[in-house]
Amino acid sequence: MDRDDLLLAYLQKRLEPNARVSFETEMAADPALAAEVEVMRATRGVMAEEAPVQTAQEGWQRLQSTLEREGQAPANLNRSPAFALLKAAAVAVFAVAVWQFAVVPQIGPAPEDGYRTVSSEVNLPSLQVTFRGDATIGDIAAILSAHEGTIVDGPGTLGVFRISFPSEAQRNAALSDLENRSGLIESIFQD
């Protein structure tokens, strides 16, 4: 029998007389064990004083009366439904604003002929970039706007984006900057 089982058997008075005497001797020599026995006794006493819950309804009533005695209301009664709706509306407005002002300008116009693969020709100087999975839209938008880059295609099947730049100088500056951002870029190729 391990120590926990022995302790439980002692408290439940299921130990044989010899084992009980041996356990009490060990308890007298070990203050930690004696403290543990006292905690268990106190816990059993408190639990014995409380009436057992017969049904779920009685349990809820008991919880409610305890909260009322302490002067607290359940958490779901502390806020009005209007506050929750206002909060959800604010999050939705913020998400739409970020999408419209940060992402849409970086995506660029759709090609006239519909879908175009990343390997197709682009008339402007461009780079093929694979961003890391943990790169945020904000990080990507910041680097693109710093170099006037525009996503013209992508992501392809392998996650490759084609980014075009107004001039070769801007593409070269972006290439240099992106190569130094290992936390943002997984791979980068010049067209």
Report task. Could you please find all residues in segment 134-175 being open to solvent by less than 30 Å² (accessible area, probe 1.4 Å), in a helix (DSSP H, G or I) and under 16 Å from LEU124 (Cα atoms)? Result -> LEU144, ARG171, ALA174, LEU175
Query raised in the report: How many of the residues in segment 1-37 are of a type in the set (D, E, K, R), surrounded by 11 or more Cβ atoms within 10 Å (Cβ to Cβ) and part of a helix (DSSP H, G or I)?
Result: 5
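The values are calculated or read from the model by the stated rules, or taken from the named source; none is laboratory data. Remember, predicted model here, so these are calculated numbers, not experimental data. With ideal geometry, Cβ positions are generated from the backbone for all residues, glycine too; neighbour counts draw on all protein chains shown. SASA here: full protein model, heavy atoms, side chains in, ligands and nucleic acids out. Shrake-Rupley method; radii C 1.70, N 1.55, O 1.52, S 1.80 Å.
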